[in-house]
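Contents: one structure, followed by commentary.
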Amino acid sequence: MSAILAVCGEAFCAMVSDGRMVEEPVLDGKPKVITNDLPKLRKVNKNILVGFAGDTMAAVQIVNALDEYDARYLTLEKAVRVMAEKARTVADIRPVGVRILVGGRGRKGGFLLTSMGSDSGFEPQTQPAREGAYLIEGACSHTDIGPYLEEKVKPAAAQWKSLDDVAKTLDGCIAAIAEVDKTVNTTYYREIVM
């Protein structure tokens, strides 16, 4: 039902999503498209990005839990806690599941990338960015994203010279997924924290 990709380095965190939302379940590989223009990421404040893939209605409930707080004062760690707690109360998550990525600057100023999903009871897995390396994560509802990250994103990371290079790589990865997975399209939405 969607694809989301995130890259965090020691100086930035970027996310890219596609824009397609389809009706679930998808039968015979022929999705019924609801919209092609739904961003699946949100810049919460100058330090935090949130993106999702999967059951859109459930994911929106989870992400919207942040609206109960003054976004200016939310830390990444607090945003993760709020969404994890909300996620555990969402009763009707479709079998396609939900995967949420949270990236940006943590409370101590370093860049972090957190992944959590319905498949793991929304238990957050957080990694700090390391010098000279990139944290690369992705999620897609109907396609195993791992091979795409290995083939399209990780080899390109060594050649990145600008944020445009990062965006082109992530867009290209989503385009490759969209060729085989009709629940994904090539309407790109991008956000960055520096």
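The values are calculated or read from the model by the stated rules, or taken from the named source; none is laboratory data. Please read these numbers as outputs of a predicted model, since none were measured by experiment. Reconstructed Cβ throughout: ideal geometry from the backbone, glycine too, with neighbour counts over all protein chains shown. In case anyone asks, the SASA skips ligands and DNA or RNA and just uses the protein heavy atoms, side chains included. Shrake-Rupley method; radii C 1.70, N 1.55, O 1.52, S 1.80 Å.
What FRET efficiency would be calculated for the residue pair residue 159, residue 43, taking the C-beta separation as r and a Förster radius of 30 Å, to the nearest 0.05?
0.65
What nm value, rounded to one decimal, do you get for the distance between residue 130 and residue 182 when each label is placed 7 Å out toward the C-beta?
4.2 nm
Going by Cβ distance under 4.7 Å, what cysteines of the chain have no possible disulfide partner?
140, 173, each lacking another Cys Cβ under 4.7 Å.
Any idea what the alpha-carbon Rg over 2.2 N^0.38 Å comes to for the chain?
The chain yields a ratio of 0.96.
Two-decimal Rg/Rh of the range 125-194 from alpha-carbon positions, Kirkwood Rh?
Radius of gyration over Kirkwood radius for the range 125-194 works out to 0.96.
Tell me, what is the per residue accessible area of the chain in Å², probe radius 1.4 Å?
I get 49 Å² per residue for the chain.
With a 1.4 Å probe and every protein chain left in place, tell me how much accessible area residue 143 has, in Å² to the nearest 10.
The accessible area of residue 143 comes to roughly 30 Å².
Applying a 10 Å radius around every beta-carbon, put 93-100, 114-121 in order of their mean neighbour count, most first.
Per-residue mean Cβ counts within 10 Å order the peptides as 93-100, 114-121.
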